[in-house]
Amino acid sequence: MSELGGATGVLQLAVLVAFAATALALVAAFVRVVTGPSLADRVLALDMIGLVSVSIIAAYAIASGQALFLDAAIALALIAFLGTVAFSRFIEWRRGSGDE
């Protein structure tokens, strides 16, 4: 377990468990994107993929001991949020319940 540069001991185990849990969540979200019964389910699954990706980047930042990766996680979180808002507006426009 010495490949995790900045992490030692219990922190290494916690990071490895976090990687495993987020990988499982990522697979579950991809399944929901593919099989989602509605467009709203797919949008929520895409939002979850963004959240899980941010979590993976944050865990990697902890494991490597380099805070620079947290900047990338913040940027990805902002882009994922804007994407979710855009998809939500699209769903609202598609249903015809918009103010426009």
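Contact map, segment 72-100: first residue more than 15 Å from MET48 (Cα to Cα), second residue modelled with pLDDT under 95 and in a loop (DSSP other than H, G, I, E, B), Cβ cut-off under 6 Å, separation 6 or more or different chains; pairs are GLU92/GLY98. Look at segment 12-23: where a residue is more than 12 Å from SER55 (Cβ to Cβ), no partner that is surrounded by 15 or more Cβ atoms within 10 Å (Cβ to Cβ) and of a type in the set (Asp, Glu) sits 6+ places away or on another chain with Cβ atoms under 6 Å. Only one of these conditions is not met by ARG32: (1) in contact with a Ser or Thr (Cβ under 8 Å, 6 or more places away or on another chain); (2) more than 27 Å from THR8 (Cβ to Cβ). Which number is it? So ARG32 meets the others, but not (1). When segment 29-51 is filtered for residues that are free of Cβ contacts under 8 Å to residues at least 12 places away in the same chain and under 20 Å from ALA77 (Cβ atoms), only ARG42 remains.
Name, by its number, the condition in (1) over 30 Å from THR8 (Cβ atoms); (2) surrounded by 13 or more Cβ atoms within 10 Å (Cβ to Cβ) that does not hold for GLY96. With respect to (1) over 30 Å from THR8 (Cβ atoms); (2) surrounded by 13 or more Cβ atoms within 10 Å (Cβ to Cβ), GLY96 is out only on (2).
Go over the candidates ALA75, ALA21, ALA61, ALA25 one by one and state the one that is surrounded by 12 or more Cβ atoms within 10 Å (Cβ to Cβ) and either assigned to a loop (DSSP other than H, G, I, E, B) or modelled with pLDDT under 95 (or both).
Values: ALA75 fails: either assigned to a loop (DSSP other than H, G, I, E, B) or modelled with pLDDT under 95 (or both); ALA21 fails: either assigned to a loop (DSSP other than H, G, I, E, B) or modelled with pLDDT under 95 (or both); ALA25 fails: either assigned to a loop (DSSP other than H, G, I, E, B) or modelled with pLDDT under 95 (or both).
Only one candidate qualifies: ALA61.
The residue that is nearest to PHE81 (Cα to Cα), among those in segment 28-44 that are of a type in the set (Gly, Ala, Ser) and at pLDDT 95 or above, is ALA29.
The values are calculated or read from the model by the stated rules, or taken from the named source; none is laboratory data. What you see is a predicted model, and the numbers here were worked out from it, not measured in a lab. For neighbour counting, all protein chains shown are included, and Cβ atoms are generated from backbone atoms with ideal geometry for every residue, glycine included.
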